[in-house]
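The values are calculated or read from the model by the stated rules, or taken from the named source; none is laboratory data. Here the structure is a predicted model, which is why all the values come from computation and not from measurement. Glycine gets a Cβ as well: all are built from the backbone with ideal geometry, and neighbour counts include every protein chain shown. Quick note on the areas: whole protein, heavy atoms, side chains included, nothing else; ligands and nucleic acids left out. Shrake-Rupley method; radii C 1.70, N 1.55, O 1.52, S 1.80 Å.
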Amino acid sequence: MRLQLKQCAIREWQTGDVDALVRHANDKDIWRNLRDSFPYPYTAIDAEAWIEQVRALQPPSHFAIEIDGEAAGGIGIEVRDDVFRRSAEIGYWIGRAHWNRGIASDVLRRMTQFAFDKFDICRLHASVFGWNSASTRVLEKCGYLLEGIHRRAITKDGETTDRLVYAYVVDEP
């Protein structure tokens, strides 16, 4: 799968992405806004394990954001199960060198469309750390609405903050 956008492409992770992934992911400010399963420092061993893990997923649901010919970020969709089977969570990050260019908004818009086309879902949601105003702006620009604030629900890097839950819901006929 390859989705070409104006400034970047969304594609499956490749084994040759290890060096670029380490270069862009090994940033404390990126780690600070992601779950603890995203390591810091981010090493080549971490990158190799991640790429192997997501390449095994069927159907593919986690993708590289390719900017200027290299993997410079990631975006993924996790479809829920059981009674939540028509809901999915979306998450994304982009390397610091590419911040403030509108890339995250373009990628999120396109992946939102892809998720609704590819999976039997009616709802996509994203969780944002209370201090991450850049990500809230991206979600709002892409039509996601703030559904709730889970007060003091996230602890990261020694700080506890709110969890903001944004969602994009498609009403069915």
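Could you list all residues from region 83-101 that are open to solvent by 30 Å² or more (accessible area, probe 1.4 Å) and over 25 Å from Ile149 (Cβ atoms)? Result: Arg85, Arg96, Ala97, Asn100, Arg101. The criterion of being modelled with pLDDT of 95 or more, more than 16 Å from the chain's Cα centre (by Cα) and either closer than 22 Å to Lys156 by Cβ or open to solvent by 30 Å² or more (accessible area, probe 1.4 Å) (or both) does not hold for Asp29. Phe38 fulfils the conditions (1) within 27 Å of Cys122 (Cβ to Cβ); (2) not in a helix (DSSP H, G or I) except for a single criterion, (1). The listed residues are Glu78, Glu140, Glu172, and the only one of them that is surrounded by fewer than 17 Cβ atoms within 10 Å (Cβ to Cβ), in contact with a Cys (Cβ under 8 Å, 6 or more places away or on another chain), of a type in the set (Asp, Glu) and farther than 17 Å from Ile30 by Cα turns out to be Glu172.
For region 82-89, the criterion of being free of Cβ contacts under 8 Å to residues at least 12 places away in the same chain, closer than 30 Å to Asp120 by Cβ and of a type outside the set (D, E, K, R) is met by at least one residue. Within the option set Ala64, Ala47, Ala71, being in a helix (DSSP H, G or I) and either open to solvent by 70 Å² or more (accessible area, probe 1.4 Å) or not acidic (Asp, Glu) (or both) holds for one residue only, Ala47.
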